[in-house]
Amino acid sequence: MSAVPSNPTRRRLLRNACGIALATVVPAPVVIAEGDAERLLLEARPGRAALRGPARDASASQTAIWGYDGQLPGPLLRVRQGEPLRLRLRNGLPQATSVHWHGLRIANAMDGVAGLTQEAIPPGGHFDYDLLPPDAGSYWYHPHQQSAEQLARGLYGALVVEEREPPAVDRDLLLILDDWRLDEDGQLDLASFGNLHDAAHGGRLGNWPTVNGVNTPGFAVRAGERLRLRLINAANARIFRVDIEGHEPTLIALDGQPVVPRALPAEGQWLAPGQRADLILDCSGEPAARAALRTHLRDGPHAMATFDYAAGRPLRDGPPETPIALPANPLATRIEPDAAVSAALLMQGGAMGSLRSARYRGRELPMRELVGQGMVWAFNGEAGLPESPLLRARRGQTVLIDIANDNRWPHAMHLHGHHFRVLARDGRAVDEADWRDTLLMAPGERVQIGFVADNPGKWVLHCHMLEHQAAGMVTWLEVA
Ligand code: C2O
Ligand code: CU
């Protein structure tokens, strides 16, 4: 927009001061004035991050990354429910980019899918995003152009839409989980971008976990404190399964949408790439204790972060009695199977799979030639974004999609512009009340999802294991 002054007066957005606390410093975005309104300025650009810890020898401990405003994670974006969020993305990268606002049910033209909802923003270019998020909750933003590389380089940040009446907590903590592939010098392993072995297996798994860009950060807490934790899985491919040692947090939201408050599953909370979980944590430990936020891997639990109790006396004697349930979002939840449009989605490919050939850019190719094109996965026999949509729905119509994960790998299926519910698993109706935007599917699993298609436009449905997406796992649907 031409109203943005070319040499804008910058000032800091102060709203963060009273809100979400972070173990590490997550910067607030810069604001540019635009007439009476404000537009946040975000620049995607190269930067450096102390992934391997605080700098003793700065040159050795700093990893070259790409970040929003050059930072890791990118600036925390916050807006009140129902209020507009206006941003300008400037591309300071040597590569085209775009920004997708993961989980926000916003206008299609703002969805940020390069090649479908907008042109990719060239180096040196910019794009203005005007968002009006209808739902409160925990969301995040990241590129939707060469996503596998751009997210692995560090381009992501959290977007929090505040409830008008949030549950009372002492502090609101953001924890963005990631998993980096670093070489011996602590630099990103760039040579393995586009690696087809990764794509045909579990995606780009890393060797260096971080929370908010730091390996095993410590969060200072006080006994008796009540915290809201916002967990976001920003990893390309790593599935986390988290719990908090010795504590019983309560789950209050998944993928931004409130759930009836409940305990975490006994095996820990699964968090596939793209998924979020909001937890209420009553700090029930003793003064001076330490508890780990753990992820459970095949070889046992690993600490991702720690909660470090202060030595002083507890903040209060027992947990507060104030309610923790979140207010409902204005989501259309009336699934009407009788008037629905339905489609089947068959997911095939990958290592040890049965895919022999697939259509790619209009031609049927045998597996060997598909691999030559960087494709190893197909949805309904087609690799990559197809010409025509999986289905077309009328606005307000119920959509049912039967998804069959007919291969040997788990996948994280993400739908843009809508939240959906699981209606059946392996052919049997289930009564699951959670509204998700990303669904973890086990190898061989079949699910039926349903949602009300109330947001017009072209919406992608893809695997959020980004190497899988890049190697074929993407389709789209159209709402008239
Ligand atoms: Cu988080 Cu299509 O993406
Ligand atoms: Cu996948």
Checking rank on 391-402, 329-340, 246-257, with mean other Cβ inside 10 Å and highest first, the result is 246-257, 391-402, 329-340
For the chain, give the percent of accessible area contributed by carbon and sulfur heavy atoms, probe 1.4 Å, rounded to a whole number. 50
If you look at just the Cα atoms of the chain, how large are its Rg and its Dmax in Å? 21.8, 70
For segment 390-434, the charge dipole (Cβ of Lys, Arg +1; Cβ of Asp, Glu -1; about the Cα centre) points to a positive end, and the Cα of 411, 400, 430 closest to that extreme belongs to 400
Keeping every protein chain present and rolling a 1.4 Å probe, give me the accessible area per residue for the chain in Å². 41
Could you tell me how far the Cα centroid of segment 420-456 sits from the Cα centroid of segment 269-306, in Å? 26
Looking at segment 413-480, I'd like the Rg to Rh ratio, where Rg is from alpha-carbon atoms and Rh is Kirkwood's inverse mean 1/r. 0.97
Computed, not fitted: 222 nm per-residue ellipticity of the chain from DSSP H runs ≥ 4 (each -39500 (n - 2.57)), nearest 500, equal to -1000 deg cm²/dmol
For segment 134-269, what ratio Rg/Rh do Cα atoms give with a Kirkwood hydrodynamic radius? 0.99
Which of 271, 246, 145 sits closest to the plus end of the dipole of the chain, meaning its Cα is farthest towards the positive end, when Lys and Arg get +1 and Asp and Glu get -1 on the C-beta? 145
Low-density loop positions, trypsin sites (Lys or Arg not before Pro), segment 92-179 - DSSP coil, at most 10 other Cβ in 10 Å: 164
Contact order relative to length for the chain, counting C-alpha pairs under 8 Å separated by 6 or more residues, stands in percent at 13
Within the chain: Cβ-based charge dipole about Cα centre, in debye rounded to nearest 20 (Lys, Arg +1; Asp, Glu -1): 560
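The values are calculated or read from the model by the stated rules, or taken from the named source; none is laboratory data. All of these numbers come straight from a predicted model, not from anything done at the bench. Every residue, glycine as well, gets a Cβ built from its backbone with ideal geometry; the counts of neighbours run over all protein chains shown. Areas reflect the complete protein model, heavy atoms only, side chains present, ligands, DNA and RNA absent. Shrake-Rupley method; radii C 1.70, N 1.55, O 1.52, S 1.80 Å.
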